[in-house]
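S.K.: My questions all concern the structure below.
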Amino acid sequence: MQEVNYLVVIVGPTAVGKTELCVRLAHYFKTEIISADSRQFYREMTIGTAKPTADEQEGITHHFINSHSVVEEYNAAAFEQDALGCIQSVLAQHKVCILTGGSTLYIKMLTDGMDEIPDVDPEIRVQLQQTLDTQGLEVLIKQLDELDPVYGQQVDRANPQRVMRALEVSIGTGMPYSSFRKGTKVERPFQIIKIGLNRDREELYQRIDLRMDLMLKNGLVDEVRSLAAYRDKNALQTVGYREVFEFLDGMYDEAEMIRLLKRNSRRYAKRQLTWFTRDTEYQWFHPSQFKEIVQYIEQQMNNPKLP
């Protein structure tokens with residue numbers, strides 16, 4: 001009987017406590033961690049992405065942290081292929097590999113492959129809505145014609161929601177929206193165990209506020225200022241960076257910047273939870289339930305799914 005290998009997927013909202021738990025799991029299962037945080041890929045973005053420090057990594061190998069430069073174009077489709085190769089390499093030496101992060105599309109692409117019409121990171125829709133509000137529908141139509149000329153000729157060009165839907169998929173995946181319209185869920189050469197982490201909302205929001213205070217104390221504003229030349233990159237059009245750029249532009253004062261950083265981070269956490277909880281394969285735990293999580297993983301490993 002062929003030996004079964006496992007990818008343990010740990011998801012959850014920002015600041016929930018994924019890093020600490022995954023490091024403990026990696027020690028327990030004597031394995032390595034694949035990061036699916038689409039902003040921790042970039043070497044130049046450290047404070048605003050809450051990258052785990054060397055001390056926090058505790059000697060565990062973390063793949064896809066500082067793997068790219070912000071000047072490089074990198075998307076979910078490229079990550080899917082790169083991460084699959086990395087997972088296979090880890091599983092050649094270990095029975096278990098751990099995948100973790102809060103980037104919804106990147107995780108779904110890796111676990112399920114290309115959906116017929118995939119969901120994408122909700123931040124992209126926010127950006128497109130801002131473009132629609134400030135520049136109008138024609139700008140979005142022109143962008144869609146460039147990214148997906150096939151669907152550009154099919155879409156109702158007077159319907160902003162359909163135009164934005166096609167654009168957010170094209171931008172988020174790096175592939176034309178039309179290429180997904182006949183896709184199917186793929187089978188992976190390993191079994192996947194999905195675990196979600198969550199906390200009481202008040203507890204989670206307090207942790208988000210504290211994390212933002214620490215980021216500011218550690219030099220977030222200076223980090224963002226140093227990235228001004230790259231502010232048009234998608235990686236920097238996200239919560240934690242956009243608000244600081246606008247502060248540096250003089251759009252509001254420091255107190256308002258801090259309020260927006262915390263508010264938008266809480267809203268992002270809520271969107272992440274909404275996205276992940278739609279997948280009924282996730283088993284949910286509090287991050288402190290280490291023993292229960294290990295028991296659940298081992299239970300799944302002791303009862304492998306038949307092909």
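The values are calculated or read from the model by the stated rules, or taken from the named source; none is laboratory data. Just so it is clear, the structure is predicted and the values come from calculations on it, not from any experiment. All Cβ positions, glycine included, derive from the backbone under ideal geometry; neighbour counts span all protein chains shown.
S.K.: What's the number of the only condition in (1) of a type in the set (K, R); (2) assigned to a helix (DSSP H, G or I); (3) surrounded by 20 or more Cβ atoms within 10 Å (Cβ to Cβ) that R125 fails to meet?
M.R.: So R125 meets the others, but not (3).
S.K.: Further question on the same structure: Of L214, L220, which residue is closer than 20 Å to G17 by Cβ and over 19 Å from the mean Cα position of the chain (by Cα)?
M.R.: L214
S.K.: Please tell me if Q130 is surrounded by fewer than 17 Cβ atoms within 10 Å (Cβ to Cβ) and without any contact (Cβ under 8 Å) to a residue 40 or more places away in the chain.
M.R.: yes
S.K.: Okay, next question. Given the residues I192, I208, which is the only one that is assigned by TED's automatic domain parsing to the domain that holds T238, within 30 Å of Y6 (Cβ to Cβ) and either among the aliphatic types (A, V, I, L, M) or more than 17 Å from the chain's Cα centre (by Cα) (or both)?
M.R.: I192
S.K.: Being in a loop (DSSP other than H, G, I, E, B) and touching a Pro at 6+ places or on another chain (Cβ under 8 Å) narrows it down to one of R271, R199, so name that one.
M.R.: R199
S.K.: Taking I117 as meeting all but one of (1) surrounded by 23 or more Cβ atoms within 10 Å (Cβ to Cβ); (2) at pLDDT below 85, write down the number of the exception.
M.R.: Exception for I117: condition (1).
S.K.: Filter the stretch 155-176 down to the residues that are out of contact with any Phe, Trp or Tyr (no Cβ under 6 Å at 6 or more places or on another chain) and assigned to a helix (DSSP H, G or I) and list them by number.
M.R.: P160, Q161, R162, V163, M164, R165, L167, E168, I171, G172, T173
S.K.: Right, next: Among the helices (runs of 4 or more DSSP H) contained in the stretch 13-110, which hold 1 or more residues that are over 29 Å from E292 (Cβ atoms) and hydroxyl-bearing (S, T, Y)?
M.R.: In the stretch 13-110, 76-91 are the helices (runs of 4 or more DSSP H) which contain 1 or more residues that are over 29 Å from E292 (Cβ atoms) and hydroxyl-bearing (S, T, Y).
S.K.: For the stretch 75-106, give me each residue that is of a type outside the set (A, V, I, L, M) and without any contact (Cβ under 8 Å) to a residue 60 or more places away in the chain.
M.R.: F79, E80, Q81, D82, G85, C86, S89, Q93
S.K.: Here is a follow-up. Please state which of the following conditions I208 fails to meet, knowing it meets all the rest: (1) at pLDDT 95 or above; (2) under 23 Å from Q130 (Cα atoms); (3) β-branched (V, I, T).
M.R.: Among (1) at pLDDT 95 or above; (2) under 23 Å from Q130 (Cα atoms); (3) β-branched (V, I, T), the lone unmet condition for I208 is (2).
S.K.: Restricting attention to the stretch 78-91, which residues are at pLDDT below 95, surrounded by fewer than 18 Cβ atoms within 10 Å (Cβ to Cβ) and either closer than 21 Å to T46 by Cα or not polar (S, T, N, Q) (or both)?
M.R.: Result: A78, single match.
S.K.: Of the numbered conditions (1) touching a residue at least 12 places away in the same chain (Cβ under 8 Å); (2) surrounded by fewer than 18 Cβ atoms within 10 Å (Cβ to Cβ); (3) not in a helix (DSSP H, G or I), D232 satisfies every one except a single condition; which is it?
M.R.: (1)
S.K.: While we're looking at this one, here's another question. Just checking, how many residues over the stretch 241-268 are surrounded by 18 or more Cβ atoms within 10 Å (Cβ to Cβ) and outside any helix (DSSP H, G or I)?
M.R.: Looking only at that region, the number is 1.
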